[in-house]
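Okay, structure first, notes after.
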Amino acid sequence: MAIGTAPPANPVFLGGLARRLVADKLISDEQAREAQQRALKNGTPFVSALLETKTLSAQKIAEAASIEFGAPLIDLTAIEIDPAVAREVSDKVLRKVHALPLFKRGRKTFVAVSDPTNLQALDEIKFATGNMTEAVLVEEDKLVKALESAIQAAESQKMDLGDADLENLEVEGGDEESGVDVTKADADDAPIVRYVNKVFVDAINLGASDVHFEPYEKTYRIRYRKDGELKTIATPPQAMAGRLAARVKVMSRLDLAERRVPQDGRIKLYISKTKAIDFRVSTCPTLFGEKICCRILDPSQAQLGIDALGYEPEQKESYLKALQQPQGMILVTGPTGSGKTVSLYTGLNILNTDDINISTAEDPAEINLPGINQVNVNPRVGLTFAAALKAFLRQDPDVIMVGEIRDLETAEIAIKAAQTGHLVLSTLHTNDAPQTIVRLMNMGVPAYNIASTLSLIIAQRLARKLCQHCKREADIPRAELIRQGFSEADIDAPDFRIFEAVGCDQCDHGYKGRTGIYQVMPFSEEMGRIIMEGGSALELAAQAHREGVADLRASALRKVRNGAIDLLQANACTVGD
């Protein structure tokens with residue numbers, strides 16, 4: 001610089017990646033300098049600072065970096081990250097260097113970076129692992145998500161959580177006959193206790209429905225089910241398998257010494273003075289230890305109200321009308337995990353008033369509702385569904401709920417109750433509403449009893465809802481829409497739009513929450529005539545269609561058109577219907 005001349009207005013030196021982006025005319029020199037200044041000021045990577053300006057996409061930046069530095073560009077979502085390799089580097093270092101160890105090949109660790117000039121990352125990871133390192137170029141947005149996921153998983157595995165509340169959570173087991181007491185010593189068995197409590201509390205906070213503890217030959221995995229999808233949240237050392245299983249069994253008062261046969265138990269976890277969450281616990285012996293599944297039973301689910309379940313207006317009206325009847329039978333059908341219990345409890349909650357006597361027989365009772373007499377069936381001592389129903393009929397009931405009709409004896413007693421002035425609610429496992437009637441007949445229930453008793457059948461599924469913040473309109477060919485089941489009139493309607501999942505920081509890959517898909521079929525006199533004449537499920541389905549009952553597929557397509565779900569979810573929950 002010549003003597004006496006003023007210094008440049010912006011003396012920031014452009015690094016290799018910034019220089020390449022300017023040379024390729026993807027960004028201007030001024031934009032590059034501004035991003036680099038912001039990165040220096042905030043202590044963030046250059047790529048992150050550039051993405052904040054929304055000038056370029058992460059993909060464009062990665063492609064330019066790959067050309068400039070000759071680094072291989074891979075899709076981070078398409079490879080399997082070895083969590084054991086990532087755990088070799090502390091969370092603090094991972095955040096500092098903004099890079100993620102992916103996997104090992106011999107004595108070399110492959111490291112995901114979004115900026116190949118980030119040599120500090122390679123050096124620090126080399127120091128932490130003792131291995132040679134090689135950079136693998138990935139897109140910045142995907143790296144951020146993978147880093148957060150790895151760090152969260154690592155944090156959930158830390159044995160010393162340093163949280164007194166987690167250590168002092170009050171736990172109440174659910175099997176009074178097992179002979180195993182939960183003592184203060186058990187609750188104070190420090191690290192493992194806090195670890196399991198944190199797994200449960202995190203599951204509740206995330207809105208998970210199940211927690212799975214799964215042992216394998218060389219690994220151990222903990223997974224949450226949220227919105228119907230299972231995801232790994234932690235991979236503790238396999239050596240912890242026995243201690244984790246023992247802790248959960250102590251909490252649920254199961255027999256610690258018995259590892260050869262399945263066991264069922266229950267946990268009540270008091271997460272505050274005013275809130276307790278129940279867990280239904282099931283153990284199953286596998287090749288490498290006991291797999292444990294804990295179903296989270298949140299009583300607030302039953303308080304959602306019928307409007308939150310996703311019924312269409314006419315379906316809701318049919319359900320409420322059936323609930324108002326003094327007698328008859330309402331059946332809810334669908335596979336395990338389709339929301340049958342929530343639908344039944346929502347109905348019971350509507351009926352739960354001081355002037356109505358409600359009794360339920362369940363295996364086990366999943367949600368505790370004050371004002372309802374709930375019984376857990378126990379076949380070991382002779383308390384079956386049929387035995388509970390017989391007892392209910394001597395208890396002056398108005399409404400009876402049977403957890404599931406599994407055999408002819410239970411079906412006959414339930415039908416007898418419905419014929420003698422009681423409203424009976426129950427479940428079956430069938431694919432749709434018409435098949436439910438055929439299933440009862442196959443059990444041996446006479447057709448005339450079905451015809452004189454049934455009021456309503458609800459078949460249902462659960463579908464993942466589209467995130468309302470990031471969903472976008474999908475461009476689907478007309479022929480494909482017709483093949484999927486939309487009519488010409490639907491497609492030609494001026495307001496016809498279909499959306500697809502995208503993904504943002506407020507959702508999980510484009511989905512957030514779930515909604516119900518329903519077939520609500522009132523049982524008509526014409527349907528009664530069909531079954532009295534020995535009609536099939538196909539004939540009943542045809543009659544339901546004539547009476548304006550939408551099947552599961554039609555209900556799913558209506559939600560697609562309303563923008564609640566996409567075609568992928570519609571196909572996933574109604575395939576074969």
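Name the residues in segment 319-345 that are under 24 Å from the mean Cα position of the chain (by Cα) and either under 24 Å from residue 211 (Cα atoms) or among the charged types (D, E, K, R) (or both), would you? Before you say what the answer is, go through the steps one by one.
First, the residues of segment 319-345 that are under 24 Å from the mean Cα position of the chain (by Cα): 332-345.
Selection gives 334, 335, 336, 337, 338, 339, 340, 341, 342, 343, 344, 345.
I need a count of the residues in segment 338-372 that are in contact with a helix residue (DSSP H, G or I) (Cβ under 9 Å, 6 or more places away or on another chain), part of a loop (DSSP other than H, G, I, E, B) and among the charged types (D, E, K, R).
Total meeting the criteria: 2.
Filter segment 216-227 down to the residues that are part of a strand (DSSP E or B) and either open to solvent by 70 Å² or more (accessible area, probe 1.4 Å) or of a type outside the set (Ser, Thr, Tyr) (or both), then identify the one that is modelled with the lowest pLDDT.
Per the criteria, the residue is 226.
Filtering segment 285-307 down to residues that are charged (D, E, K, R) and not in a strand (DSSP E or B), which residue is modelled with the lowest pLDDT?
By that ranking, first place goes to 298.
This table checks each residue for (1) crowded, with 18+ Cβ neighbours inside 10 Å; (2) at pLDDT 80 or above; (3) of a type outside the set (Lys, Arg).
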| position | (1), (2), (3) |
| --- | --- |
| 28 | no, no, yes |
| 62 | yes, yes, yes |
| 71 | yes, no, yes |
| 89 | yes, yes, yes |
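Would you check which residues across segment 182-215 are charged (D, E, K, R) and either out of contact with any helix residue (DSSP H, G or I) (no Cβ under 9 Å at 6 or more places or on another chain) or modelled with pLDDT of 80 or more (or both) and list them?
184, 194, 198, 202, 210, 214
Within segment 228-255, track down each residue that is in a helix (DSSP H, G or I) and under 25 Å from residue 364 (Cβ atoms).
Once the filter is applied, which keeps residues that are in a helix (DSSP H, G or I) and under 25 Å from residue 364 (Cβ atoms), segment 228-255 yields 244, 245, 246, 247, 248, 249, 250, 251.
If a residue counts only when it is among the small types (Gly, Ala, Ser), which helices (runs of 4 or more DSSP H) contained entirely in segment 441-529 have at least 2 such residues?
So the answer is 447-453.
Quick one: which of 546, 483 is without any contact (Cβ under 8 Å) to a residue 60 or more places away in the chain, under 30 Å from residue 347 (Cα atoms) and open to solvent by 60 Å² or more (accessible area, probe 1.4 Å)?
Checking each option against the conditions leaves just 546.
Can you tell me which residues in segment 61-76 are more than 33 Å from the chain's Cα centre (by Cα) and charged (D, E, K, R)?
63, 68
With respect to residue 475, determine if the residue is under 30 Å from residue 207 (Cα atoms), under 29 Å from the mean Cα position of the chain (by Cα), open to solvent by 20 Å² or more (accessible area, probe 1.4 Å) and at pLDDT below 90.
For residue 475, the condition - under 30 Å from residue 207 (Cα atoms), under 29 Å from the mean Cα position of the chain (by Cα), open to solvent by 20 Å² or more (accessible area, probe 1.4 Å) and at pLDDT below 90 - is not met.
The values are calculated or read from the model by the stated rules, or taken from the named source; none is laboratory data. All values derive from a computational prediction rather than experimental measurement. FYI the Cβ positions are ideal-geometry reconstructions off the backbone, even for glycines, and counts take in every protein chain you see. Surface accessibility is based on the protein's heavy atoms, side chains included, excluding ligands, DNA and RNA. Shrake-Rupley method; radii C 1.70, N 1.55, O 1.52, S 1.80 Å.
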